1. Which of the residues belonging to segment 94-121 are surrounded by 18 or more Cβ atoms within 10 Å (Cβ to Cβ) and touching a Phe, Trp or Tyr at 6+ places or on another chain (Cβ under 8 Å)?
2. Show me the helices (runs of 4 or more DSSP H) found entirely inside segment 262-379 where at least 1 residues are assigned by TED's automatic domain parsing to the domain that holds Pro144 and at pLDDT 95 or above.
3. Of Met333, Met342, which residue is in contact with a Phe, Trp or Tyr (Cβ under 7 Å, 6 or more places away or on another chain), under 30 Å from Gly246 (Cα atoms) and not basic (Lys, Arg)?
4. Yes or no: Arg317 over 20 Å from Phe148 (Cβ atoms) and surrounded by fewer than 22 Cβ atoms within 10 Å (Cβ to Cβ)?
5. Which ones in segment 441-456 are touching a helix residue (DSSP H, G or I) at 6+ places or on another chain (Cβ under 9 Å) and more than 11 Å from Tyr326 (Cβ to Cβ)?
6. Which one of the conditions (1) touching a helix residue (DSSP H, G or I) at 6+ places or on another chain (Cβ under 7 Å); (2) surrounded by 15 or more Cβ atoms within 10 Å (Cβ to Cβ) does Phe399 fail to meet, given that it meets all the rest?
7. Could you tell me which of the residues Ala389, Ala393 is closer than 17 Å to Ala472 by Cα and either among the polar types (S, T, N, Q) or buried (at least 22 other Cβ atoms within 10 Å of the Cβ) (or both)?
Amino acid sequence: MSAVIWFRQDLRLSDNPALRAALAGSGAVIPVYIHAPGEEGAWAPGGASRWWLHHSLAALKDELRSRGSDLIVRASDDSAAELLRIARASGANRVLWNRRYEPAAIARDARIKTWLRQQGLEAESYNASLLREPWELKTKTGGPYQVFTPFWRQSLMLGDPPKPLPAPRRIPAPDRWPDSCAASEFALLPQLDWAHGLRKTWKPGAAAALTRLKTFLDSGLREYPRARDRPDLAGTSCLSPHLHFGEISPRQIWHEVRINAADRAPDPRWRESRFLTEIGWREFSHHLLYHFPETVGAPLRPAYARFPWLDSANHLRAWQRGRTGYPIVDAGMRQLWHTGWMHNRVRMIVASFLVKHLLINWTSGARWFWDTLVDADLASNTLGWQWSAGCGADAAPYFRIFNPMSQGRKFDESGNYVRRWVPEIARLSNNWIHEPWAAPEKELRQEGITLGKDYPAPIVDHSRARAAALAALATLKN
C-alpha cells in the first residue's frame, strides 16, 4: 500500500505523524510539496516567509535524499487534482497529510479529503503542530476559551502530550518517481536582494531548529524568566519561525524541556515554566482562530468595528520605515526589516504605538508583519494584534497605552538595543537615548545630531496622542 505524504507546514521527518502512518504500510512513500498560493485566500505567504520556505524546502529535500527518498515539488492552485495525478502516476492508494488550522486551509482540506475518497483513495490527516487539537479544550459551558489562564490550566491538567516520534532511518522509494519541478521555479526569493540580513540571522531547516533548541536549553532556559523581556539580550529561543514551518514540533520542545528539567534542576513544576507558557500562548492563538475564524480581519469584540481610526498613510509609512522619532519603536521596526524578526516585548510596543498613538487600524499592522516576519503565523499574528488593539480575546485594555519612553528605559536600560538599530543617535547618553528630543541642545550639538535631519523629531506628541486615543475609545461607549 504505497502512500503519498503531502508536506505543508510540517517540513521535518521527526515527530511527523503523517509520515509515520505512511511508513506503516508495506509500499513506497512519495513525499510531495505543492506550491499553491492561490489556495491560501488573502493570506498567501509574505516576502520573508517565502524566503524561509525556499530554504526550508531545500533542507527537507536533502534530508529525504539522505534516507533514500526525495521530494516531489509541484506548482498548482488545484492541490486536489495534483495529488490525484501523483497518486495515479506512482500507484499510491493513500494520501496522508498533517493538519493546518487557518480558515482557508480547513475548508480546502475538507474538500480535498472528501474528493480523494470519492476517487477511491484513502485520505487521512493528523495533528503534527499542536499539543492539543483546538476542539479538545472547552469551558464548563462547552464553548471555546477566550481567556488564556483557564485555557492553559486545563491543557496542563490533561498531562504530557505523546512523546515525539523519531525520524525514520530509511524511506522506501517508488520504482519510478513522478515528475517534479525545482523550488527555484516558484520565485520565492526576492528579485531585488533585500534578504542579506535574513541570511546572516537565520538557517532554516529541521536540523537548525534542533540545534537552536539545544543551544537555548543549555544556555538560555535558566535565564529566560529574567531575560525574556530584554531586547538587548539573546534571551529568547527564536524558535518561532521553525515552529511555524513545522521544522520542529511543540511536542519535541515540551519533552526536551522535561528532559532538561530532570537532568539539570529537578523541579516538579517544570510544566508551569515561563517558556512552556509561551508555547501555551501559541496553542491559545490556534484555539481562537479555529473557533473565531472571522477575527483575521474583524475584531472579536464587535464594538471595535466602530472605532474611529485615522489611518494616515504618512504615519503608517513612517512607522513601517522606523522613522517615527521614538527610538524603541524605530529600533524594532528596523530590526524587523533587516532580520525578519522582532523581539516580542518590542512587538507589543510598536503595535501599541501604531494603534494608540497613530490611531491606525490594527489590520494594517497585521498585514505589514505578515509580509516582513519570517515567523508570520496567521493565528499568532491575529492574536497579537487584537491583543494590542484591545479588541480581541484576553486583550490588553485599550486604555492601557504603552509609553515608548518608559518602556525603552525599563527594558533597554543600557540603550544597547536602540544603539544597534538606530545608529544616528547612538552617541547620546543613557539619559536621552530613549527621548532624544528632550536632550539638552548642547549635548545634541556636541554629538553632531540635528533632530529632523539626522533623526526625525517625534511624528506625534505622546501626551496628545494618548488623550486622542482615550477620546476615540470613549466614542464606543456612546
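1. Val95, Leu96, Trp97, Asn98, Arg99, Tyr101, Glu102, Asp109
2. 274-291
3. Result of the check over Met333, Met342: Met333.
4. Numbers: over 20 Å from Phe148 (Cβ atoms): yes; surrounded by fewer than 22 Cβ atoms within 10 Å (Cβ to Cβ): yes.
Criteria met by Arg317.
5. Initially, segment 441-456 is screened for residues touching a helix residue (DSSP H, G or I) at 6+ places or on another chain (Cβ under 9 Å), giving 444, 447, 449-451, 454-456.
Those that are touching a helix residue (DSSP H, G or I) at 6+ places or on another chain (Cβ under 9 Å) and more than 11 Å from Tyr326 (Cβ to Cβ): Leu444, Glu447, Ile449, Thr450, Leu451, Asp454.
6. Here Phe399 meets the rest and fails (2).
7. One residue alone meets the criteria, Ala389.
So that you can scan it fast, the table gives a plain yes or no per residue for (1) crowded, with 19+ Cβ neighbours inside 10 Å; (2) touching a Ser or Thr at 6+ places or on another chain (Cβ under 7 Å):
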| residue | (1), (2) |
| --- | --- |
| Asp15 | yes, yes |
| Ile30 | yes, yes |
| Pro37 | no, no |
| Leu53 | yes, no |
| Asp62 | no, no |
| Leu83 | yes, no |
| Ala92 | yes, yes |
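The values are calculated or read from the model by the stated rules, or taken from the named source; none is laboratory data. Keep in mind it's a predicted model, so treat the numbers as computed, not measured. With ideal geometry, Cβ positions are generated from the backbone for all residues, glycine too; neighbour counts draw on all protein chains shown.
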